[in-house]
Amino acid sequence: MFDRMLKSARFNRDTFLALKDDSTATGQALIVLALAGASFGVGFAASIGFGTMGILVGAVFGAVVSIALGIVWVSLTFLIGRSLFGGRSNYWSLARPVFFSTSPGLIFLIMSIPVSPIPDVARAIGVAWIAISTVIAVKSAMGLDTQRSLVIFIIVAFIVFLGYGFVASLLSAI
């Protein structure tokens, strides 16, 4: 699993293609997604000064949210990629490479270093790295060109941000 994580973080197309075809890697892909989310939760909680219990809660919350968001992300990517752009993949053949594309998310642990601007730089690098890796994973898994994969990423990101804003506005009204 760690070898595939490293290769995914290095944008290795062959690794994404192998993950597409390896149905036994679905559990590993979910673990990678949860690790990236937990890393963000730990890094974020530590960066805002939470103690040990807050960091543990951040890890669990981050893992759960990342799995939920990952499923939403892949579902939207699958629907848009197949219906609008003619991508060729089934759901889990797309999900495995996309979930592994979050491997660079382990860099979020660096956010726990309490020296400005390290948390902000680590967060920016992690998000950009995951975004690039995701575009390459979608390109590989769906058999699309880079431009179509990038457009799918932008559309899905826009929808997710709109959804986040909608949910946040509902919660703030409560």
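What is the spin-label model distance, in nm, from I159 to R82 if the labels are put 7 Å beyond Cα along the C-beta direction?
Reported label-point gap for I159 and R82 is 1.2 nm.
Pop out the carbon and sulfur fraction of the accessible area of the stretch 60-149 as a percent, whole number, probe 1.4 Å.
Roughly 75 percent, rounded to a whole number.
What residue among F161, S93, I132 has its Cα farthest toward the positive end of the dipole of the chain, where the charges are +1 on Lys, Arg and -1 on Asp, Glu, each on the Cβ?
About the Cα centre, the residue reaching furthest to the positive side is S93.
Quick check: with the 1.4 Å probe, what order do V42, V151, V127 take by accessible area, largest first?
V127, V151, V42
Quick one: compute a quarter of the convex hull surface over the Cα atoms of the chain and quote it in nm².
10.5
Using only the alpha carbon atoms of the stretch 1-101, find the Kirkwood hydrodynamic radius as the inverse mean reciprocal pair distance, in angstroms to one decimal.
This gives a value of 14.3 Å.
For a bin width of 10 Å, list the pair-distance distribution of the stretch 88-162 built from all Cα-Cα distances, rounded to whole %.
For the stretch 88-162, the binned pair fractions read 20, 42, 27, 10, 1 percent.
Leaving ligands and nucleic acids out of the surface, order D120, D14 by accessible area at 1.4 Å, largest first.
Largest accessible area first, the list is D14, D120.
Given a 1.4 Å probe, how much area per residue of the chain is accessible, in Å²?
With all protein chains present, the chain gives 53 Å² per residue.
The values are calculated or read from the model by the stated rules, or taken from the named source; none is laboratory data. This is a predicted model, so every value here is computed, not measured. Reconstructed Cβ throughout: ideal geometry from the backbone, glycine too, with neighbour counts over all protein chains shown. Just so you know, the surface numbers come from the protein's heavy atoms only, side chains and all, with ligands and any DNA or RNA stripped out. Shrake-Rupley method; radii C 1.70, N 1.55, O 1.52, S 1.80 Å.
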